[in-house]
Each structure stands twice: as structure tokens, then as C-alpha cells.
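To start, the structure under review is shown below, and the notes come after it.
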């Protein structure tokens with residue numbers, strides 16, 4: 001519906017300009033944030049440092065206003081704004097008009113900018129443990145990041161740009177994106193990506209400051225945990241969406257865009273653990289700082305890969321080389337400068353302390369190294385086509401076989417060290433006593449890994465045994481750690497419980513991946529109406545296809561009855577949709593979901609009047625992949641909730657867990 | 001050298017490759033058809049209800065542009081073809097690919113029609129012969145019916161000025177020899 005003449009006139013005339021202007025105001029607040037507090041630090045002038053808070057509020061408020069203006073333009077079907085015309089039309093349901101705001105490049109970048117302003121605001125107001133000057137420096141660095149993003153928006157990707165000829169109807173949101181899973185996937189992902197900016201700014205501020213106190217690491221860990229939890233959920237949502245919406249039944253494709261989200265996730269995982277060691281033992285400072293720079297750098301690199309069009313991907317963002325150039329320059333300035341700063345100051349921040357081979361910290365370091373190796377292999381596979389092309393050697397693409405071959409073996413040492421790390425003591429441990437503590441989980445894991453394939457699964461596969469062993473090993477050692485810790489206070493128990501839960505979540509995901517990869521059954525078949533097809537204990541009966549017109553699309557809806565051992569358990573309706581505004585057909589799979597297995601039916605092409613091609617799949621334990629991710633995020637949120645209670649009630653030192661510190665080796669914070 | 005400089009070094013190498021990558025087009029897969037005789041197309045025309053055989057174009061250079069109404073980047077390049085048709089005399093043939101007739105006609109009505117003729121291939125059968133990788137793609141065929149160049153993805157103003165027009169000029173000269 002076009003806006004009505006009298007009420008809509010003002011709206012169509014001014015709102016996008018208000019948004020544009022708000023964006024510019026937000027940029028000026030970013031300039032204030034980037035300069036004044038930093039100047040205050042140099043002059044040791046308190047009021048200048050405190051301006052950071054005001055500037056953060058202004059930046060957040062105006063960025064939010066700009067975002068609201070864009071949403072309003074979508075709701076009003078203001079097709080004079082070219083971004084609206086390209087991504088919405090009047091037939092689009094309201095919810096997707098809203099989500100279309102961040103459905104393409106310009107709007108998603110605006111959301112990105114707003115989320116960054118939000119994180120900056122949170123860092124400004126929730127940073128009591130940090131000294132005034134460190135906080136001011138950190139917020140100034142965040143202001144500089146915001147300048148980069150806002151300039152990027154204004155120069156190359158202005159979402160408020162008007163068109164001279166106003167079309168009567170918009171081109172509509174890509175039907176792939178008209179889905180609730182994908183409406184909330186990007187905001188989650190951005191909360192994760194952009195959250196890395198806080199730990200990055202913290203790391204740069206610490207380098208400038210020349211000192212890294214243990215309590216600060218604890219503070220940074222909380223922020224990183226929240227960002228990590230959102231990133232985990234965002235990645236899981238994307239994977240879940242690909243599974244039910246793309247119609248192939250896969251859940252991870254090693255597509256460059258997926259890899260772009262996995263890279264910062266891997267490094268953020270390492271960063272959380274490294275920050276934990278720095279907070280607890282006052283070591284690994286320079287490693288922690290490097291990881292913090294890397295996590296943010298990889299978020300930016302992801303943005304570059306996705307939006308510049310240097311790699312081909314199934315996720316089509318309208319790519320534009322000029323955007324690529326801008327992000328690349330941004331990457332060079334932000335990451336290049338901070339790595340240069342790192343090369344000068346890291347040695348100064350780092351504290352040389354000896355640590356023993358058999359101890360919790362060295363096992364955590366080992367896993368950090370494994371995680372970085374994983375990141376490097378994924379990164380190499382992702383940009384390998386680009387490197388070969390740049391050297392003029394060949395044009396090729398790197399597919400799933402490479403990634404599976406290199407990543408799967410790396411998870412084995414990761415899982416083993418994880419279990420050992422749970423049981424090991426800080427500072428120093430005895431190998432014999434460590435193994436003595438671990439015999440029970442070891443036996444349980446071995447039994448599970450051998451007995452489940454032998455008794456319950458259709459065949460015994462080597463990788464299934466390995467995968468199940470890793471999952472059982474991680475889960476049982478995490479549980480044992482939780483029981484052994486017996487924390488005294490509620491806040492502490494929440495942190496231990498959260499950490500334990502997150503690791504059990506990882507075990508759950510590994511189980512899902514193992515089972516789905518090895519025991520899935522996938523059949524592409526031709527089905528006549530009335531015909532049945534059996535997979536395992538399940539019989540699929542094809543009853544026919546109905547054509548229907550729904551809201552903004554036409555659908556061919558198949559009806560398939562599913563029987564388990566002769567009992568009807570569900571009726572599935574796999575669909576092929578043709579959206580009115582676009583002629584590309586969409587597949588909506590019919591899925592009977594269950595904790596132990598999914599039954600997946602996708603409708604293919606119509607072959608004759610009475611026959612259709614169909615893809616039928618049996619996917620054991622696939623839900624566990626995403627369930628695990630939810631547990632990981634939940635664990636992180638629990639741990640954070642505890643930490644917040646603790647920092648507000650008592651000082652971090654007084655609640656340091658006693659069981660981990662041998663008598664006589666009480667640690668003192670390095671002043 | 002200080003070991004703290006290593007990350008900066010790796011980063012510099014990475015940036016160098018990314019920078020070069022920006023100047024390349026990953027979709028620019030060289031076509032094995034270049035230098036070969038163009039496969040003949042015999043298809044219904046979009047506007048008139050009769051078929052056309054591209055064999056009839058032999059003797060003059062022509063440009064085959066493969067497009068569809070569902071293809072968003074075709075919109076970008078379409079304006080450029082409109083301009084080209086006005087400013088330069090060349091036989092532009094549109095191949096409407098895997099598209100519905102009504103949508104295709106509406107599209108041309110809305111955006112203008114630079115083509116001398118438009119062929120309609122709703123099932124995309126010609127795609128196999130021509131090795132169509134994605135839409136849009138643009139082929140340049142010379143007077144002898146040989147494919148001389150292929151643009152994968154939308155053509156740009158720059159590509160038209162630096163590649164397409166010079167190539168057509170060159171073919172015209174060859175033709176006059």
C-alpha cells in the first residue's frame with residue numbers, strides 16, 4: 001500500500017533525510033569519543049576522560065534513530081528510498097518488512113553500526129573495575145572503530161539514498177530471507193562480531209597503557225563471553241536455517257560466508273580461555289592481547305570477504321569492489337596499527353613467569369595453539385582460491401573434503417587436552433596423580449565409545465568410536481570437574497556450572513556431528529502418487545501435490561505420510577514456492593524433528609502428471625548439533641551472570657577458588 | 001628480528017593477497033569456447049511468435065547477452081546495453097534464460113529494449129551448449145561465427161569501453177581485409 005496522501009507526504013519527504021542526518025550526528029559523536037577522552041588521558045584531565053560516557057550515549061542514540069528511520073521507511077513502503085525499493089514491496093508481511101531492514105548490505109551495515117554503538121555504551125557504563133584512564137583510552141579506540149564504520153556507511157553504502165524515479169512497487173526481499181530464522185540470525189551474529197571490538201579496544205588500550213592487571217583480564221573475559229555466546233547462537237541459527245530452508249539437508253557447507261563467522265568464533269574461544277589464565281595466574285598477557293586483536297581482525301576480514309565479492313559464495317550480498325577497498329583500508333589501519341603497536345609494546349606488558357609442562361595453564365595453552373591452528377587451516381582453505389588466482393596459477397574452489405580432512409583430526413588433541421585440563425591443577429601437577437583422577441572418565445568414555453556402536457548403531461565405524469569417545473570424554477571430565485569443585489558460594493557455583501555446561505554443550509555438538517555425518521541415509525527417488533518408499537524402519541507414502549496461493553507466493557504442497565513400523569507418526573508437507581515478485585522457486589522441506597533423529601523430505605521437480613522427484617533423508621541426532629550450541633551459549637550467560645554478581649558483591653580476589661591453589665603458593669596480584 | 005613482529009608480517013602478506021584479489025573477478029572462468037565456432041541457437045522469439053536461427057547472423061559480428069528478469073545484476077548492466085545500442089551500431093541479441101514470458105516482456109517494457117532480437121529459452125536448454133555458468137553472461141561472436149570473448153557476470157561501463165568496443169572495432173577491421 002502506498003502511504004496515503006496527506007499523512008504520508010511529510011513522512012515520504014523527510015524521514016529518510018532525518019535518518020541520514022542522524023547518521024552524520026552519530027559520526028560527529030564518534031569523532032568526539034575518539035579524540036577528547038584520549039586527549040584527557042594525555043593531559044590527565046578527568047572531565048575530558050568522562051566525556052566518553054556522554055559521547056557514547058549520543059552515538060548510540062543517533063545511530064538508533066537512524067535505524068528507526070530506516071525501519072519506518074520500510075513500514076511506509078517508501079520506494080523513493082532505493083534500498084527500500086530494492087528489498088521490499090507492498091505484499092511483504094509486516095514482520096519481513098522489518099527484517100528486510102537488515103536483509104541486504106546497506107541496512108545490515110547500519111544495524112552493525114548500531115550494535116557497535118550499543119557495545120560501546122555497555123563498555124562505557126559497565127567498566128567499574130577498570131581505572132579511569134584505561135577506560136577512556138579503550139572508549140576512544142571504540143570511537144575510532146565507529147568512525148571507520150560510519151564513514152563506510154555514509155561513503156559507500158548509504159541506506160537512505162533516494163531515487164529520482166520512484167517505482168510503484170518494490171522488488172521485494174529475497175525469498176530465501178523471508179524466514180523467521182534468518183530474520184534473527186544476522187542481529188545475533190553482529191552482536192557477536194561487533195562484541196569482539198570491545199576486547200580489541202581493551203587490548204589496544206592495555207598496550208598503550210603498558211600494563212596488564214589480572215583483574216582487568218577478568219573484566220575483558222566477561223565481555224568476550226557475551227559476544228562469544230551471541231556468535232555461537234548466530235552461527236547455529238545460520239546452520240539450522242541452511243538445513244531446513246536450502247532444501248539440501250546439509251547443515252554446514254564450508255562456504256566462505258560460513259567460514260567468515262567460524263574464524264572469529266574459534267579465536268574468541270581461545271581468547272576466553274587465555275583471558276581466564278591471565279586473570280587467574282597473571283601470565284600469557286601478550287598472547288591474550290594478540291588473540292584479542294586477531295578476533296576483531298577476523299571479524300573485519302569476514303566482512304571483507306563477504307561484501308567485496310573477492311570470493312564466490314552461495315550467500316549473495318550485492319558485492320561492490322569500492323566497498324572492498326574501503327574495508328581493506330579499514331583493516332590495514334585498524335589491525336595493522338594495532339599489530340605494529342603490539343610489536344613495540346607487547347614485551348613491556350608481558351610478564352615472564354615460569355610455568356610447568358603439566359599444569360592447567362600449559363594444557364590451556366596447548367588448546368589455544370590447537371585452536372589457532374584450526375583457524376589457520378580454515379582461513380587458508382577459504383582464501384586459497386584467491387591466493388592461487390592472485391598468483392595466476394589456477395582458478396579453483398576448495399570444498400568440504402579439504403576442511404573435513406584437516407579439521408577433524410585437530411579436534412582429537414583438542415578434546416583430549418580439554419579433559420586433561422579440567423582435571424589438572426594450576427601451577428603444577430603430577431602426571432601420575434592426574435591420570436589417577438581421570439581413570440573413571442576414561443573407562444566411562446571408552447565403554448560408551450565401544451558399546452554404543454556395537455549394540456545400538458547399524459554398523460561399527462572407526463570415526464564413530466573416535467567421535468563418541470571425544471564427546472563422552474569431554475562431558476564426563478566436565479561433570480567430574482563440576483562435582484570436584486564443590487564451590488562454596490552460589491556465584492562461584494554458577495560460574496563453575498556455566499563453564500561445565502558450555503563444555504558439555506560442545507560434547508553434545510560433537511555427538512550430533514559424528515552421528516549425522518556417519519549414519520545419515522539419503523535417497524533421491526522418483527515417487528508416483530500413492531507410492532511408498534522405505535528407509536530403515538520408516539515408510540514414506542506420497543499422497544500427492546496441491547497447488548495453492550498464499551499471501552505473496554504460489555506453492556506446490558506435497559503430502560507425505562510417514563509410518564514407523566507400520567504406525568502413522570506424522571504427515572509432512574514439503575513445498576516448492578514461487579514468490580510473486582521473483583521467479584526463482586524455493587524449497588521448503590517437510591521435516592519430522594526428533595531428539596534422536598530427523599526425517600527430512602524435500603520436493604523436487606514434477607516429472608510427469610503423477611510423479612515427482614523427491615529427496616528423502618534420515619538424519620540421526622542432527623538436532624544435537626544446535627542443541628549443543630544453545631547449551632554453550634547458555635553456559636556462557638550463566639557464567640557471566642555469576643561474574644556480575646561477584647564483582648558487585650566482593651572483590652575478585654577474595655573469592656578465588658581455594659581448591660586450585662596448593663597451600664603455601666598463594667598468588668598475589670602483580671601490581 | 002623481534003618475534004613480536006611476526007604477526008604484523010603475516011598480516012602484511014595476507015593484505016597483499018586480499019588487495020590483489022580485489023582486482024580479480026572470481027567468476028571470470030575462462031571459457032573453453034573462445035576461438036571455437038559458436039553453437040547455433042534456434043529458439044522462439046520473445047516478441048514475435050516465430051523462431052530464429054542464429055546461423056542467419058553469419059557475416060556480421062554480434063553480441064549475445066544472456067539475461068533473466070529474476071537476475072538482479074542484469075538490471076545494472078541493462079542500462080549500459082541501452083546506451084551501447086544508442087551510441088554504437090552492433091547487433092545485440094538477448095537470450096532470455098529460464099524465465100517466464102510475461103515477466104520478461106514486462107521487464108523489457110520497464111527498462112527498455114536494446115536488443116535487435118530477443119530469444120526465449122524458458123528451460124535453459126541452450127545453457128549447456130554455451131557453457132552458461134550463471135546469468136548474466138555476454139558473448140562476442142565475430143563475422144565468421146567464432147566466439148571471441150566471454151564476459152561472466154555483469155559488464156561494466158569500463159569493460160564496454162576497454163574491451164567490448166575495441167574488440168568489435170578489431171573484428172570490423174578483420175572483416176574489411
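Read the figures in this text as sums done on the coordinates, not as results from a lab. Just so it is clear, the structure is predicted and the values come from calculations on it, not from any experiment. Here the Cβ positions follow ideal geometry from the backbone for every residue, glycine too, while neighbour counts run over all protein chains shown.
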So the angle from the long Cα axis of helix B:72-87 to the longest Cα principal axis of chain B, reported in degrees to the nearest 10, equals 60 degrees
Quantify how strongly other chains surround peptide A:282-294 by giving the mean number of their Cβ atoms within 10 Å of each of its Cβ atoms. 1
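How many Cβ atoms of partner chains, on average, are near each residue of A:336-347 if near means within 10 Å of its Cβ?
Other-chain Cβ atoms within 10 Å of each residue's Cβ, averaged: 4.
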What per residue convex hull volume, in Å³, do the alpha-carbon atoms of chain A yield? 180 Å³
For residue A:168 and residue A:606, extending 7 Å from Cα along the Cα-Cβ vector and measuring point to point gives, in nm, a value of 3.0 nm
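Suppose R0 equals 35 Å. What FRET efficiency, 1/(1 + (r/R0)^6) with r the Cβ-Cβ distance, do residue A:446 and residue A:380 give to the nearest 0.05?
Numbers: r = 34 Å, r/R0 = 0.98.
So the FRET efficiency works out to roughly 0.55.
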How far, in nm, would the chain grow between residue A:595 and residue A:75 when pulled straight, counting 0.36 nm per residue and subtracting the alpha carbon separation? 183.3 nm
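Arranged by the count of other C-beta atoms within 10 angstrom, fewest first, what order do A:288, B:54 take? Don't skip to the end; give the middle numbers.
Values: A:288 30, B:54 21.
Neighbour counts put them in this order, fewest first: B:54, A:288.
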Distance in nm between residue A:344 and residue B:102 label points, each 7 Å along Cα→Cβ, equals 6.7 nm
Added length on full extension, which subtracts the Cα-Cα distance from 0.36 nm per residue, residue A:54 to residue A:561: 176.4 nm
Can you compute the FRET efficiency between residue A:404 and residue B:146 using 1/(1 + (r/R0)^6), with r the Cβ-Cβ distance and R0 = 56 Å? Round to the nearest 0.05. 0.80
Shielding by partners for A:377-390, please: the mean number of other protein chain Cβ atoms within 10 Å of each residue's Cβ. 3
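Ranked highest first by the average count of other Cβ atoms within 10 Å around their residues, in what order do A:138-147, A:102-111, A:388-397 fall?
Highest mean packing first, the order is A:138-147, A:102-111, A:388-397.
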Cα→Cβ-extended label distance, 7 Å offset, between residue A:570 and residue B:162, nm: 5.4 nm
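Pop the C-beta distance of residue A:151 and residue B:172 into the FRET formula with R0 = 51 Å and round what comes out to the nearest 0.05. It would help to have the intermediate numbers written out before the result.
Working: r = 46 Å, r/R0 = 0.91.
Efficiency at R0 = 51 Å is approximately 0.65.
Over the stretch B:36-176, what is the percentage of antiparallel beta bridges among all DSSP beta bridges, to the nearest 5? Walk me through the numbers before you get to the answer.
Numbers: 16 of 27 bridges.
Taking every DSSP beta bridge with both residues in the stretch B:36-176, the antiparallel ones total about 60 percent.
Return A:333, A:194 ranked ascending by Cβ neighbour count within 10 Å, so the fewest neighbours appear first.
On the way: A:333 12, A:194 26.
Ordered from fewest to most neighbouring Cβ atoms within 10 Å, A:333, A:194 come out as A:333, A:194.
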In percent, how large is the relative contact order of chain A, given Cα pairs closer than 8 Å and 6 or more residues apart? 11 percent
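Counting other beta carbons within 10 Å of each Cβ, put A:179, B:142 in order, fewest first.
Least crowded to most crowded, the residues run A:179, B:142.
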Contour excess over end-to-end distance, with Cα ends at residue A:432 and residue A:46 and 0.36 nm allotted per residue: 133.4 nm
Just order A:502-508, A:54-60 by mean Cβ neighbour count inside 10 Å, highest at the front, would you? A:502-508, A:54-60
Once each part is reduced to its C-alpha centroid, what is the distance from the stretch A:181-220 to the stretch A:433-509 in angstrom? 30 Å
